[in-house]
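Participant: One structure coming up, written as structure tokens, with questions to follow.
The values are calculated or read from the model by the stated rules, or taken from the named source; none is laboratory data. As the structure is a prediction and not an experimental result, all values here were calculated from the model. Because the Cβ atoms are built from the backbone with ideal geometry, glycine has one as well, and the counts that use them run over all protein chains shown.
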Amino acid sequence: MRGKYAVKQISVFLENRRGRLVDVAGALADADINIRALFLADSSEFGILRLVVNNPEKAKAVLSSKGFAASETEVFAVEVEDKPGGFYSVVKILAENEIDVEYTYAYAGALNRAILFFKVPDSELERALKLLHENGLKLVEAAEFYA
């Protein structure tokens, strides 16, 4: 399951100074890379920009060539109805099975559809995917983001 559902996420370390976010966005736009989802966590000194893009290998190469510290991580995506309880339906299963969520973020795609991204420990990724699938949740194939 891992290969089909493990989404490649690019994490970019950003100094917390004016213009860094626009530099990343501009580099990706110039390289014709589409950002499908993103999450930015920051502190007073730096931020971590997490991106799901249509071409993660190219994005990582472009960002590295521009001097950004970029790395690749596997996350997974679950499609839920965009209504109260959608997020809970996923985290409840993970919690009941003692799978830690390192971080999560979401986007609402089409009407009544939300995509939730989850990072769990690498050693738990396969088990998390299997549990969610067995409980009837819709995992999103990685290829959908790369199209």
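Participant: Looking at Ile35, Ile48, which is the one that is free of Cβ contacts under 8 Å to residues at least 24 places away in the same chain, within 28 Å of Glu126 (Cβ to Cβ) and of a type in the set (A, V, I, L, M)?
Facilitator: On the way: Ile48 fails: free of Cβ contacts under 8 Å to residues at least 24 places away in the same chain.
Result: Ile35 is the single residue among Ile35, Ile48 that is free of Cβ contacts under 8 Å to residues at least 24 places away in the same chain, within 28 Å of Glu126 (Cβ to Cβ) and of a type in the set (A, V, I, L, M).
Listed here are the residues, each with its yes/no results for (1) of a type in the set (Gly, Ala, Ser); (2) in contact with a helix residue (DSSP H, G or I) (Cβ under 6 Å, 6 or more places away or on another chain).
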position	(1), (2)
Asn34	no, no
Gly47	yes, no
Val53	no, yes
Pro56	no, no
Ser64	yes, no
Tyr105	no, no
Asn112	no, no
Leu129	no, yes
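Participant: Among the candidates Glu98, Glu102, which residue alone is of a type outside the set (S, T, N, Q) and in contact with a Lys or Arg (Cβ under 9 Å, 6 or more places away or on another chain)? Can you show your working first?
Facilitator: Values: Glu98 fails: in contact with a Lys or Arg (Cβ under 9 Å, 6 or more places away or on another chain).
Criteria check complete, one pass: Glu102.
Here is a yes/no grid of residues against (1) more than 19 Å from Ala142 (Cα to Cα); (2) polar (S, T, N, Q):
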| site | (1), (2) |
| --- | --- |
| Ser43 | yes, yes |
| Lys60 | no, no |
| Gly67 | yes, no |
| Phe76 | no, no |
| Phe87 | yes, no |
| Ala95 | yes, no |
| Ala106 | no, no |
| Val120 | no, no |
| Leu125 | no, no |
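Each row is one residue, and each column tells you yes or no for (1) closer than 19 Å to Lys8 by Cα; (2) outside the structural domain of Arg127 (by TED's automatic domain parsing); (3) buried (at least 17 other Cβ atoms within 10 Å of the Cβ); (4) in contact with a Phe, Trp or Tyr (Cβ under 8 Å, 6 or more places away or on another chain).
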residue: Asn34; (1), (2), (3), (4): yes, yes, no, no
residue: Phe46; (1), (2), (3), (4): no, yes, no, yes
residue: Asn54; (1), (2), (3), (4): yes, yes, no, yes
residue: Gly67; (1), (2), (3), (4): no, yes, no, no
residue: Val80; (1), (2), (3), (4): no, no, yes, yes
residue: Lys92; (1), (2), (3), (4): no, no, no, no
residue: Ile99; (1), (2), (3), (4): no, no, yes, no
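Participant: Could you run through segment 62-87 and say how many residues are touching a strand residue (DSSP E or B) at 6+ places or on another chain (Cβ under 6 Å), free of Cβ contacts under 8 Å to residues at least 40 places away in the same chain and not in a helix (DSSP H, G or I)?
Facilitator: Residues in segment 62-87 being touching a strand residue (DSSP E or B) at 6+ places or on another chain (Cβ under 6 Å), free of Cβ contacts under 8 Å to residues at least 40 places away in the same chain and not in a helix (DSSP H, G or I): 1 in total.
Participant: In this structure, does Val91 turn out to be among the β-branched types (Val, Ile, Thr) and touching a Lys or Arg at 6+ places or on another chain (Cβ under 9 Å)? First the steps, then the outcome.
Facilitator: On the way: among the β-branched types (Val, Ile, Thr): yes; touching a Lys or Arg at 6+ places or on another chain (Cβ under 9 Å): no.
The answer is no for Val91.
Participant: Moving on. Restricting to segment 25-46, count the residues that are touching a Lys or Arg at 6+ places or on another chain (Cβ under 8 Å) and not in a strand (DSSP E or B). So that I can check it myself, show each step before the final result.
Facilitator: Taking segment 25-46 as the starting set, the residues that turn out to be touching a Lys or Arg at 6+ places or on another chain (Cβ under 8 Å) are 27, 31, 33, 38-41.
Narrowing the set further to residues that are not in a strand (DSSP E or B) leaves 27, 31, 33.
Qualifying residue count, segment 25-46: 3.
Participant: Here's a follow-up. Is it the case that some residue within segment 13-24 is in a strand (DSSP E or B), of a type in the set (A, V, I, L, M, F, W, C) and not assigned by TED's automatic domain parsing to the domain that holds Gly136? It would help to see each step written out before you state the result.
Facilitator: So in segment 13-24, the residues in a strand (DSSP E or B) come out as 13-15.
Subsequent filtering for residues that are of a type in the set (A, V, I, L, M, F, W, C) retains 13-14.
Subsequent filtering for residues that are not assigned by TED's automatic domain parsing to the domain that holds Gly136 retains 13-14.
Yes, segment 13-24 has at least one match.
Participant: Do we find that Val24 is farther than 21 Å from Arg113 by Cα, out of contact with any Ser or Thr (no Cβ under 8 Å at 6 or more places or on another chain) and crowded, with 16+ Cβ neighbours inside 10 Å in this structure? Quick ask: steps written out before the conclusion?
Facilitator: Working: farther than 21 Å from Arg113 by Cα: yes; out of contact with any Ser or Thr (no Cβ under 8 Å at 6 or more places or on another chain): yes; crowded, with 16+ Cβ neighbours inside 10 Å: yes.
In short, yes.
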